[in-house]
Amino acid sequence: MSKRVMNPARTAVVALAAAGLGASVVAGAGSAFAAEGKAPAKALAAAPASAAVAAQAGAQAQAAAKTAAAVKQAAAKAKAVKAKAAKPAKAKKAAWVKPVSRYTLTASYNQGGAMWAHKHSGQDFAVPVGTPVKAAAAGTVVKAGPYGGGDGPAYGNAIVVKHANGKYSQYAHLSKINVHIGQKVGAGQKIALSGNTGNSSGPHLHFEIRNTPNYGSALNPAAFLRTVGVSI
Ligand SMILES: [Zn+2]
C-alpha cells in the first residue's frame, strides 16, 4: 500500500501502460473492425461469385422451366394437331356449304319488289338452268316436288331439307329434283338442278333458311351462313 503511494510514477506508468494497452486494444478493436470492414469487402468480392452461382442456378432453373414450358407447349401443340387431325377426318367436308358453286347474287333477303307479295324470303343465286344444286348441310329431305313441295306454286319445283341444328334449307325454281322425301343427304351433295320454274324472273336458285319446314319462317340466309362460316 505504502509502496504505491511512494511510487506514483509507476502507477502512472502502469496507468499509461494500461492506457497504452487500452489504446492498443482500441487499436486492436479498430483493426479488428478494419478487418471486419475488410471481411465484408471480401464477402462482397465473394458475393458476386455466389451471386453469379445463384444467377446461374436461377438461369438454369429458368432454362429448365423454359424447357418444361416448351415441352408442355409442344405437347399441347401436338395434342391440338392431333385434335385437328382427328376433326377433319370427321368433318373433312364443311358442316355448311354454298348451295351453288358459281353464281351472281341477285335478290337478297327482305328485298321488296313486284316479284313477291311480301318481302323476299330468301337469297337468289343467278345461275344457268341445269346448274348442280347442293345440300347446304347434311340432313333429311322433308319436302320435294312441284308447287314448292307444298309451299305454293310461286316456288316451282322445290326441296326442303331438315338439319341437325333445327334449321331447314329450301331450294326453289328447280328444273330437276334428284332426291325424295325421307332421303338423307350430306353437305354439298347434289340434290337437284337449278331452273326457272314457278314465279321466277329468270334462271336462278332461290335459297331459304327456315326455322320450320314451312313458308313464313325464313330468316336471313346470308347472315345465317356467316354464323356457320360460309360467306356468299
Ligand atoms: Zn328468290
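For the range 144-232, averaging the sequence separation of C-alpha pairs within contact (under 8 Å, six or more residues apart) and dividing by the residue count gives a relative contact order of 25 percent. Using equal-weight Cα scatterers in the Debye expression, the normalised intensity of the range 104-227 in log10 at q = 0.11, 0.14, 0.16, 0.21 Å⁻¹ is -0.29, -0.49, -0.65, -1.21. Counting Lys and Arg as +1 and Asp and Glu as -1 over every other residue whose Cβ lies under 11 Å from the Cβ of residue 214, the net charge comes to 0.
A full extension of the chain between residue 220 and residue 129 corresponds to an added length of 30.3 nm, given 0.36 nm per residue minus the alpha carbon distance.
Subtracting the Cα-Cα distance of residue 119 and residue 104 from their residue separation scaled by 0.36 nm leaves 3.4 nm.
How many percent of the alpha carbon pairs in the range 166-231 exceed a separation of 20 Å?
Working: 738 of 2145 pairs.
Roughly 34 percent, once rounded to a whole number.
Readers should treat all values here as calculations from the given coordinates under stated rules, not as data from a laboratory. Note that the structure is predicted; figures quoted are calculated from it, not measured. A quick note on method: Cβ atoms are made from the backbone with ideal geometry, for glycine too, and the neighbour counts reach across all protein chains shown.
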